[in-house]
1. Restrict the check to segment 46-59 and report whether at least one residue is closer than 19 Å to GLY161 by Cβ, at pLDDT below 90 and not acidic (Asp, Glu).
2. Cβ contacts < 8 Å: first residue modelled with pLDDT under 90, restricted to segment 1-18; second residue surrounded by fewer than 10 Cβ atoms within 10 Å (Cβ to Cβ) and not charged (D, E, K, R), any location; separation 6+ or different chain. Result?
3. Where residues in segment 126-145 are charged (D, E, K, R) and touching a Pro at 6+ places or on another chain (Cβ under 9 Å), which of them is farthest from THR84 (Cα to Cα)?
4. Would you check which residues across segment 73-96 are hydrophobic (A, V, I, L, M, F, W, C) and over 10 Å from ARG46 (Cα atoms) and list them?
5. Could you tell me whether SER51 is under 23 Å from LEU168 (Cα atoms), among the polar types (S, T, N, Q) and part of a loop (DSSP other than H, G, I, E, B)?
6. Quick one: which residue in TYR79, TYR103 is loosely packed, with under 11 Cβ neighbours inside 10 Å, assigned by TED's automatic domain parsing to the domain that holds SER57 and closer than 23 Å to VAL55 by Cα?
Amino acid sequence: MMNTRTAEIWVGIFVAAGLAALFMLAMKVSNLSAYSSATGYDVTARFDDASGLKVRSPVTMAGVTLGRVSGISFDPKTYQAVVTLRIEGQYTTLPDGTSANIYTAGLLGEKYVGLLPGPASNPCEDEKLQAELEGRQPNLTGLDCKPHYLKQGSNIKLTQGSLVLEKLIAEFVSKFMDKGDSGKDKTQSK
């Protein structure tokens with residue numbers, strides 16, 4: 001009788017640990033465990049293809065999560081996906097020339113936005129370069145000579161959408177078929 005009771009307790013502990021592990025896995029896959037609504041700022045990026053990207057997908061730079069995707073919509077005028085990125089408030093010095101790419105991570109194929117730093121624009125440097133090219137003295141009057149960084153409402157202009165495996169395979173097959181057809185035509189015409 002005591003042996004059966006001990007076995008039942010161990011089975012109960014094992015089942016409880018299994019349920020806890022499944023819960024942790026579900027939280028990890030759904031990104032709910034890392035989602036926070038802390039202060040930050042929103043920037044937008046337009047992609048030709050945002051396949052597989054979801055709200056709460058990570059936004060990273062150099063492998064560090066800087067924020068999350070907070071919204072995805074469609075612009076019927078440009079036929080592009082408009083992705084809103086919520087960057088955490090501590091990352092205020094991202095250059096305004098930053099680019100955004102959609103990548104795939106892990107075995108589950110989770111999509112995320114990877115940011116690559118670009119140059120911070122500086123109107124004074126631009127004016128100096130333009131004046132040098134034109135052979136004149138630069139006019140820096142009224143220009144803000146500080147480097148510009150991403151801020152609330154900024155747009156990321158350089159983007160690359162997600163790569164869709166089906167599209168790549170279709171392009172490869174299409175090119176392979178075109179080469180095969182053109183080779184047959186050449187041999188048949190001889």
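1. Checked against the condition, which is being closer than 19 Å to GLY161 by Cβ, at pLDDT below 90 and not acidic (Asp, Glu), segment 46-59 yields at least one hit.
2. From residues that are modelled with pLDDT under 90, there are no pairs.
3. GLU132
4. Result: LEU85, ILE87, LEU94.
5. Yes: the conditions hold for SER51.
6. Numbers: TYR103 fails: loosely packed, with under 11 Cβ neighbours inside 10 Å.
Answer to the check: TYR79.
The values are calculated or read from the model by the stated rules, or taken from the named source; none is laboratory data. Since we're looking at a predicted model, the values are computed, not measured. Cβ sites come from the backbone with ideal geometry, for glycine too, and all protein chains shown count toward neighbours.
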